[in-house]
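Right, one structure below, let's go through it.
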Amino acid sequence: KQEVTQIPAALSVPEGENLVLNCSFTDSAIYNLQWFRQDPGKGLTSLLLIQSSQREQTSGRLNASLDKSSGRSTLYIAASQPGDSATYLCAPSTGNQFYFGTGTSLTVIP
Amino acid sequence: DAGITQSPRHKVTETGTPVTLRCHQTENHRYMYWYRQDPGHGLRLIHYSYGVKDTDKGEVSDGYSVSRSKTEDFLLTLESATSSQTSVYFCAISDRQYRTDTQYFGPGTRLTVL
């Protein structure tokens, strides 16, 4: 069974800082890995999808990397803004299933 | 945003009663999923479907059943609700095509079992 760990569980940074969120998983035989954000009381919004053959994926101020062999992915957020405050979750997929970490709760302080 | 709706959005019920949650999509995606989200556990897969009448169990399927008679609808049934099934339930869809294998989530259903 895939185990997904996200560190740190919570993070508070001042506006404008660059930051890195970490995701590790135990089974490296993944199909792809997806990063989501979740605002309080809301559903999940897809941010980035990295295929297993890719090493990086970028969208605006977000950059996600994947090291499949070591079971790690990182989400880099550049020039953080208060609107980035949310919980960020990673989800590697194995076969027909996606497995979720418990997320990193990010607070960006104006 | 992907066209996914969930109904009801909120429900309070009593222990022992049956409950059915509905997920409806307008994207014609092949795969549909039901997750539950609980503090400290993240999202856990209950059941998923890979086509009409094709379903399989996820990590936490005990006490739940599903049905998919049409591409657009995926129903989750709690045959006899228990307090441990109090949770937020999310439906998700996916096309499972290479390079478009993104999951899209519905807004969630908050279920309280008293």
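Calculate the radius of gyration of the Cα atoms of chain A to one decimal place, then report Dmax, the largest Cα-Cα distance, as a whole number, both in Å.
Here Rg and the maximum Cα pair distance are 13.2, 42 Å.
Computed over the Cα atoms of the range B:58-100, what is the convex hull's projected area averaged over all directions, in nm²?
4.3 nm²
Hey, got a sec? Which chymotrypsin sites (Phe, Trp or Tyr not before Pro) in the range B:51-114 land in a DSSP loop and have at most 14 other Cβ atoms within 10 Å?
Counting only loop positions with at most 14 other Cβ atoms within 10 Å, the chymotrypsin sites (Phe, Trp or Tyr not before Pro) in the range B:51-114 are B:Tyr98.
Using square roots of five times the C-alpha gyration tensor eigenvalues, list the equivalent-ellipsoid semi-axes of the protein assembly as shown in whole Å, biggest first.
Semi-axes, largest first: 30, 20, 16 Å.
Which whole-percent values make up P(r) of the range A:53-110 when all C-alpha to C-alpha distances are grouped in 10 Å steps starting at zero?
Bins of 10 Å from zero give 19, 48, 27, 5, 0 percent of pairs.
Give the Cα extents of the range B:33-84 along the principal axes, in whole Å, largest first.
33, 23, 16
Taking the Cβ-Cβ separation of B:Ser83 and A:Lys42 as r and a Förster radius of 41 Å, what is the calculated FRET efficiency to the nearest 0.05?
0.95
Find the sum over both chains of the accessible area lost when A and B are paired, probe 1.4 Å, and report it in Å² to the nearest 100.
So the buried area, both faces added, is about 1900 Å².
Restricting things to alpha carbons, find the Rg to Rh ratio for chain B using the Kirkwood radius for Rh.
Rounded to two decimals, Rg over Rh is 0.95.
With every protein chain kept in place and ligands, DNA and RNA left out, what is the accessible area per residue of the protein assembly as shown? Probe 1.4 Å, answer in Å².
That works out to 46 Å² for each residue.
Quick one: the Cα spread of the range B:1-46 along its three principal axes, in angstroms, biggest first?
35, 24, 17
With charges only on Cβ, +1 for K and R and -1 for D and E, what is the dipole size of the protein assembly as shown about its Cα centre, in debye, rounded to 20?
My answer is approximately 260 debye.
Tally the DSSP beta bridges in chain A and give the antiparallel ones as a percent, rounded to 5.
90 percent
Explain nothing, just the number: dipole magnitude of chain B about its Cα centre with +1 on each Lys and Arg Cβ and -1 on each Asp and Glu Cβ, in debye rounded to the nearest 20.
Roughly 100 debye, rounded to the nearest 20.
In the range A:21-69, what is the volume of the convex hull around the alpha carbon atoms, normalised per residue and reported in Å³?
Hull volume normalised by residue count: 96 Å³.
Ignoring ligands, DNA and RNA, what percent of the accessible area of the protein assembly as shown is carbon or sulfur (1.4 Å)?
48 percent
Considering only DSSP beta bridges where both residues belong to chain B, give the percentage that are antiparallel (nearest 5).
90 percent
The values are calculated or read from the model by the stated rules, or taken from the named source; none is laboratory data. The model shown is predicted, which means the values in this text are computed figures rather than measured ones. Neighbour counts are summed over all protein chains in view; Cβ atoms, including those assigned to glycine, are modelled from backbone coordinates with ideal geometry. SASA here: full protein model, heavy atoms, side chains in, ligands and nucleic acids out. Shrake-Rupley method; radii C 1.70, N 1.55, O 1.52, S 1.80 Å.
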